[in-house]
Amino acid sequence: MTQASLLRQITDFANRANPYPLYEELRKTPVLHEEEDGPYVISSYWDIESLLHDPRISSDFTNLTVVGDDELSGPEATGLPPSFIRLDPPEHDRLRRIANSSFGPPHQPTRIDSMRGELVRIVTDLIDGFGDARQIDVVDQFAYPFPVTVICRLLGVPREDEPRFRAWVDPIVAGLDPDTRTSADAERTAQEARLQLGMYLNGLVEQRAKEPRADMLSDLVNSHGPDGGMTTMEVLSTAVLLLIAGHETTVNLITNGMLTLLRHPEYLQRLRDDPGLSVKIVEELLRYEPPVQLVPQRTCIADIEVRGVTIPKGSRIWLVLAAGNRDPERFQDPERFDPDRGDIQHLGFGSGIHSCFGAPLARLEAQIALTELTRRLENPRLVDDPPPYRPNAVLRGPLHLNIAFDDLR
């Protein structure tokens, strides 16, 4: 393996099923810069964590001065202003504080935990929907519809509108994959879906401004705390962020989780016997098979030295979270799936000011989903291993996960 080919191999779809040997090779060159206009690729745990907390690293695409031809870096294509994950302080901090005030502690300390019963009901309905089938696709029949339903309930989308919501989400999420971005038809379909979704959400925003309800959209529309309120466009941008970012990552977390448990049947059985183990299992999954493999949207706003290498101002940086999560300098026996390890301080949700906004909800969704699938499917087993994967190198997960089982509890 030549060093010059390593980055292309990592983004090559042919290696999507198992990129981890490539990450191991990548860590031998902690700061990899293959081409003059290419990104600087960081792969060690401690370097990644440090840079995630470094104010000289920008999330604002307008700071990029060295533009290459890789398909992973670029601005959001939602037709809305950038969401706060694509902004820097102080604007990032203002918008995130307003959004967090309606999402979790300290202002809404019970919002996520109070959804536990609702999440269990959604999961139960989905599993009941398997009916008499003895083979299912975990992605299409479970992991994909689950988070969309949850986000709809969180935002306050009326239940009768949830099918319309999903119809818009499908082409938007499909447009996140690099291969579909080059398709004119796919882009037109995604653009139309974004327009329809934006118009629909705008109608809900206007309605909630007049008649607030006990949902997150009402809170965002009517927020008047120390940071002021959001504009209508900022509310829409935040709602779309919750929908898209919260959806795709959770799908992958659940699907990667079920795949990993089926490959490690001893832990599947332990989870069936002890549902409380789901907390440790989900944390280890976030280290071992993170749904976000790398963060390519970062730019240096000053010269930065990493391991003796100077990264010039305006350069792109890729932070390969999945490589850092298996760094032997940080984790003992990192290639082993071990929910019992005493320290699982992973990079699965990032770190620093851009740490995953939806982490509390994603954790709870994955814990309930994996616990109930494990409990109710008798003798589950993989039909295909490895399963087919999505093209996306950033949001890595199976396109389908076919499972056979003997009975449904």
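The values are calculated or read from the model by the stated rules, or taken from the named source; none is laboratory data. Since we're looking at a predicted model, the values are computed, not measured. In this analysis, Cβ positions are derived from the backbone assuming ideal geometry, glycine residues included, and neighbour counts consider all displayed protein chains. Surface accessibility is based on the protein's heavy atoms, side chains included, excluding ligands, DNA and RNA. Shrake-Rupley method; radii C 1.70, N 1.55, O 1.52, S 1.80 Å.
So which residues in the range 1-59 are outside any loop (DSSP other than H, G, I, E, B) and among the acidic types (D, E), if there are any at all?
So the first thing to find is which residues in the range 1-59 are outside any loop (DSSP other than H, G, I, E, B), and the list is 3-11, 13-15, 20-26, 31-32, 40-42, 45-52, 57-58.
Residues satisfying the conditions are E24, E25, D47, E49.
Given the conditions (1) hydroxyl-bearing (S, T, Y); (2) closer than 30 Å to P387 by Cα; (3) open to solvent by 70 Å² or more (accessible area, probe 1.4 Å), report the number of the one that Y45 does not fulfil.
(3)
Is it true that some residue in the range 301-313 is in contact with a helix residue (DSSP H, G or I) (Cβ under 6 Å, 6 or more places away or on another chain), buried (at least 23 other Cβ atoms within 10 Å of the Cβ), touching a residue at least 40 places away in the same chain (Cβ under 8 Å) and not acidic (D, E)?
no
Just to be sure before I move on: is P39 surrounded by 18 or more Cβ atoms within 10 Å (Cβ to Cβ) and either within 18 Å of V292 (Cβ to Cβ) or modelled with pLDDT of 95 or more (or both) in the structure I sent?
Working: surrounded by 18 or more Cβ atoms within 10 Å (Cβ to Cβ): yes; either within 18 Å of V292 (Cβ to Cβ) or modelled with pLDDT of 95 or more (or both): yes.
Considered against the rule, which asks whether it is surrounded by 18 or more Cβ atoms within 10 Å (Cβ to Cβ) and either within 18 Å of V292 (Cβ to Cβ) or modelled with pLDDT of 95 or more (or both), P39 comes out as yes.
So if I check each of G348, G358, which one is modelled with pLDDT under 95 and crowded, with 22+ Cβ neighbours inside 10 Å? Let's see the steps before the verdict.
Values: G348 fails: modelled with pLDDT under 95.
Going through G348, G358 in turn, the sole match is G358.
In the list S218, S223, which residue meets the criterion of being under 18 Å from G156 (Cα atoms), among the hydroxyl-bearing types (S, T, Y) and part of a helix (DSSP H, G or I)?
Values: S223 fails: part of a helix (DSSP H, G or I).
Selected residue: S218, the only one of S218, S223 that is under 18 Å from G156 (Cα atoms), among the hydroxyl-bearing types (S, T, Y) and part of a helix (DSSP H, G or I).
Look at A239 and say whether it is among the hydrophobic types (A, V, I, L, M, F, W, C), under 30 Å from E372 (Cα atoms) and surrounded by fewer than 22 Cβ atoms within 10 Å (Cβ to Cβ).
Values: among the hydrophobic types (A, V, I, L, M, F, W, C): yes; under 30 Å from E372 (Cα atoms): yes; surrounded by fewer than 22 Cβ atoms within 10 Å (Cβ to Cβ): no.
Criteria not met by A239.
Do you know which residues across the range 358-409 are of a type in the set (G, A, S) and closer than 22 Å to P147 by Cα? Can you show your working first?
Going through the range 358-409, the residues of a type in the set (G, A, S) turn out to be 358-359, 362, 366, 369, 393, 397, 404.
Listed by number, the residues that qualify are G358, A359, A362, A366, A369, A393, G397.
Report yes if some residue within the range 242-264 is free of Cβ contacts under 8 Å to residues at least 12 places away in the same chain, surrounded by fewer than 22 Cβ atoms within 10 Å (Cβ to Cβ) and not hydrophobic (A, V, I, L, M, F, W, C); otherwise report no.
So in the range 242-264, the residues free of Cβ contacts under 8 Å to residues at least 12 places away in the same chain come out as none.
Scanning the range 242-264, I find no residue that is free of Cβ contacts under 8 Å to residues at least 12 places away in the same chain, surrounded by fewer than 22 Cβ atoms within 10 Å (Cβ to Cβ) and not hydrophobic (A, V, I, L, M, F, W, C), so the answer is no.
Within the group E266, E248, E289, E335, which residue is farther than 14 Å from I48 by Cα, of a type in the set (D, E, K, R), at pLDDT 95 or above and in contact with a Gly (Cβ under 9 Å, 6 or more places away or on another chain)?
E289
Examine the range 319-334 for a residue that is open to solvent by 30 Å² or more (accessible area, probe 1.4 Å), assigned to a loop (DSSP other than H, G, I, E, B), touching a residue at least 40 places away in the same chain (Cβ under 8 Å) and under 12 Å from Y45 (Cα atoms), and state whether such a residue exists. Before the answer, list the steps.
We begin by selecting, within the range 319-334, every residue open to solvent by 30 Å² or more (accessible area, probe 1.4 Å); these are 328-330, 332-333.
Keeping just the survivors that are assigned to a loop (DSSP other than H, G, I, E, B) gives 328-330, 332-333.
Subsequent filtering for residues that are touching a residue at least 40 places away in the same chain (Cβ under 8 Å) retains 329-330.
Next, only the ones that are under 12 Å from Y45 (Cα atoms) stay: 329-330.
Checked against the condition, which is being open to solvent by 30 Å² or more (accessible area, probe 1.4 Å), assigned to a loop (DSSP other than H, G, I, E, B), touching a residue at least 40 places away in the same chain (Cβ under 8 Å) and under 12 Å from Y45 (Cα atoms), the range 319-334 yields at least one hit.
Being in contact with a Leu (Cβ under 8 Å, 6 or more places away or on another chain) and either open to solvent by less than 10 Å² (accessible area, probe 1.4 Å) or without any contact (Cβ under 8 Å) to a residue 40 or more places away in the chain (or both) is the filter here; which residues of the range 370-383 pass it?
Listed by number, the residues that qualify are L370, T374, L377, E378.
For the range 182-202, give me each residue that is charged (D, E, K, R), surrounded by fewer than 16 Cβ atoms within 10 Å (Cβ to Cβ) and modelled with pLDDT under 85. Lay out the reasoning, then the answer.
Initial filter on the range 182-202 (charged (D, E, K, R)): 185, 187-188, 192, 194.
Keeping just the survivors that are surrounded by fewer than 16 Cβ atoms within 10 Å (Cβ to Cβ) gives 185, 187-188, 192.
The answer is D185, E187, R188.
Within the range 265-288, which residues are of a type in the set (D, E) and open to solvent by 10 Å² or more (accessible area, probe 1.4 Å)? So that I can check it myself, show each step before the final result.
Residues of the range 265-288 that are of a type in the set (D, E), as a first pass: 266, 273-274, 283-284.
Once the filter is applied, which keeps residues that are of a type in the set (D, E) and open to solvent by 10 Å² or more (accessible area, probe 1.4 Å), the range 265-288 yields E266, D273, D274, E283.
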